[in-house]
Amino acid sequence: MISVKDLHVTFNPGTPLERRAIAGIDLTLNEAEFVTVIGSNGAGKSTLLAAIAGDVAPRSGNIEIGGRDVTREQPAKRARRVARVFQDPLAGSCADLSIEENLALAWMRGARRGLGSALTVDRRGELREKVAELGLNLENRMADRMGLLSGGQRQALSLVMATLAKAEVLLLDEHTAALDPGMAEFVAELTQRLVTSHRLTTLMVTHSMRQALDLGTRTIMLHEGRVVLDIAGERRKNMTVDGLVEMFRRVRGGAELDDDSLRIG
Amino acid sequence: MSAIAFWGAVELGLVYGFVALGVFLAFRVLDFPDLTVDGSFPLGAATAAVAITAGWNPWLACLIAALSGAACGLVTAFLNVRFGILNLLASILTMIALFSVNLRVMGRPNMAVLNQDTVITPFYDLGLPDHLVRPAILAVLILIAVLLLARFLSSDFGLAMRAAGANPRMARANGVDVGGQIYVGMALSNALTGLGGALFAQISGFADVTSGVGTIVVGLASVIVGETLFRSRSMLIALFACVIGSVIYRVAVQLALSADLLYLNPSDLNLVTAVLVALALILPKLRAGKRVAR
């Protein structure tokens, strides 16, 4: 469970460049809830995720994860509760380490890292199994450098890495946006499968309205740093992409949907 | 080149092998361009020289040299991690400060360690000629260092250090305290360099404040030579490559200096080294550039 209370994030406060990225967000995710987040550029989607992960410090408000106030905790310390996949497939893994070394690193997320071997026979076997479940035939390339893989393969592995160690919340920041359509589809399906099987509380930012409705159990829309739409259950089931676009237009005061970053597909 | 000159070069290469391992750790593992070694190497030599001439056990002297080296690394890491001073500049500050510290440690610019018991002394009586005993003992010592370091870098902690250098954002997202890793890595890197300095003082029979000049370039040259000769994903082989690179570098320098046709003096060493390192850094880029042009 995760709850965000009256969160405010302001970049460059007190300067001419001051920008209120998040202007009072209250949001509670129940255990195993899978929330998709939409909104135009600058709506505060990524900032919300960054604040939960600890990358940006809020101006006010607090963040609780699993009943514990983590507002002042450093990202590395918070990582024991927070698993993440970034938009850039290259950001979530180390190109120079092998596939299994990357996985071993993620396996120990939140645990105390000692001087024991990172790749014991037992752990190797378990990691191999997890990779085999992907069906990408990567289990035979465990010793290959991560840098040899395609963006899609790396993103799929990043997702597996995020689910290796226990986490109370999984943050996905447009993690399919940089992939080709086929791989994006694969990673989206994999996301749904892993989130469901691990019963992960998940917050997923997406640019695709279709994806926002297809995946997850609840959808929120952000606009100018606030939650302007929050739908779940029946209401969400009956929502169409057109309906969402209409909502979006109304939120923006009738302005045309000229934001090319917001795809309907 | 005579056999004695050859083995002398190997011996020096093995001593600087410790520096190469330290430089590898800083530059390659942590991605931290660290010039502290120019100060921690002579500091290691100075502390060992002072300790040994005061009658201390030479192994204890080595330990103290390594610890003092580690302290230098911690200072650089502190300036960088705690106050965000650019890594290169932080290391230069420490290096400059160490010049004065080293003079204080010895009380004079140089110091002889002749006719003293060193870590090598007990092995002179085993029947091998002296000029072979030194490389043999050093080879054993550096073998142990390489094995320990390889084991360390393949542990959970070592893997976290490699990630902290390669992709700090990803490391943080996986719960790695990147700042903490820099402290440990820099301490370890400069401890190895300090140990190299201590062995240098014992092998060559003196410690000198100016002996640190260019240590970083020599270390880097060794790492690059090793990497060029052994392209491998294995950490163990990469570490061995550094040591072998260091030995090859010294033998090559010895060859160049002993070949009269080249008109080189020993004083040309730094120029030759700098040119070699610059070439080693430029050549891969030129090759890559050609590939792109095609």
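Numbers for the structure displayed
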{"item": "Strands (runs of 3 or more DSSP E) wholly inside the stretch A:1-74 containing at least 2 residues that are touching a residue at least 24 places away in the same chain (Cβ under 8 Å), within 22 Å of residue A:252 (Cα to Cα) and not acidic (Asp, Glu)", "result": "A:2-11, A:19-29, A:34-38"}
{"item": "Residue that is among the charged types (D, E, K, R) and away from chain B (no Cβ under 13 Å), where the choices are A:100, A:126", "result": "A:126"}
{"item": "Residue within the stretch B:177-187 that is under 20 Å from the mean Cα position of the chain (by Cα) and more than 14 Å from every other protein chain (Cβ to nearest Cβ) present", "result": "yes"}
{"item": "Answer residue from the stretch A:67-91, given it is of a type outside the set (Asp, Glu) and over 18 Å from residue A:172 (Cα atoms) and is surrounded by the most Cβ atoms within 10 Å (Cβ to Cβ) among those", "result": "A:70"}
{"item": "Residue A:137 being more than 7 Å from chain B (Cβ to nearest Cβ), surrounded by fewer than 19 Cβ atoms within 10 Å (Cβ to Cβ) and under 20 Å from residue A:183 (Cβ atoms)", "result": "yes"}
{"item": "Residue in the stretch B:123-137 that is touching a residue at least 24 places away in the same chain (Cβ under 8 Å), crowded, with 19+ Cβ neighbours inside 10 Å and in contact with a Gly (Cβ under 9 Å, 6 or more places away or on another chain) present", "result": "yes"}
{"item": "Contacts under 6 angstrom Cβ, first residue in the stretch B:94-116 being closer than 29 Å to residue B:78 by Cα, partner at pLDDT below 95 and surrounded by 12 or more Cβ atoms within 10 Å (Cβ to Cβ), 6 or more apart", "result": "B:102/B:209; B:103/B:209; B:109/B:209"}
{"item": "Candidates A:14, A:44, filtered to the one that is over 18 Å from the mean Cα position of the chain (by Cα) and more than 14 Å from chain B (Cβ to nearest Cβ)", "result": "A:14"}
{"item": "Residue within the stretch B:197-206 that is aromatic (Phe, Trp, Tyr), more than 7 Å from chain A (Cβ to nearest Cβ) and buried (at least 24 other Cβ atoms within 10 Å of the Cβ) present", "result": "yes"}
{"item": "Test result for residue B:147, under 19 Å from the mean Cα position of the chain (by Cα), surrounded by fewer than 23 Cβ atoms within 10 Å (Cβ to Cβ) and within 14 Å of chain A (Cβ to nearest Cβ)", "result": "yes"}
{"item": "Pairs with Cβ under 7 Å, 6+ apart, first in the stretch B:146-172 and under 15 Å from residue A:114 (Cβ atoms), second polar (S, T, N, Q)", "result": "B:154/A:117; B:155/A:117; B:160/B:181; B:161/B:181"}
{"item": "Members of the stretch A:113-138 found to be in a loop (DSSP other than H, G, I, E, B) and of a type in the set (A, V, I, L, M, F, W, C), listed by number", "result": "A:115, A:118, A:119, A:134, A:136, A:138"}
{"item": "Segments classed as strands (runs of 3 or more DSSP E), wholly inside the stretch A:159-227, with at least 3 members that are over 19 Å from residue A:26 (Cβ atoms)", "result": "A:169-173"}
{"item": "Selection count where residues are at pLDDT 90 or above, assigned to a helix (DSSP H, G or I) and either touching a strand residue (DSSP E or B) at 6+ places or on another chain (Cβ under 8 Å) or among the acidic types (Asp, Glu) (or both), scope the stretch B:90-128", "result": "1"}
{"item": "Conditions (1) crowded, with 17+ Cβ neighbours inside 10 Å; (2) assigned to a loop (DSSP other than H, G, I, E, B); (3) of a type outside the set (Gly, Ala, Ser); (4) more than 7 Å from chain B (Cβ to nearest Cβ): number failed by residue A:94", "result": "(4)"}
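The values are calculated or read from the model by the stated rules, or taken from the named source; none is laboratory data. This one's a predicted model, so the numbers in the text were calculated from it and none came from an experiment. As a convention, Cβ positions derive from the backbone with ideal geometry for all residues, glycine included, and neighbour counts pool all protein chains shown.
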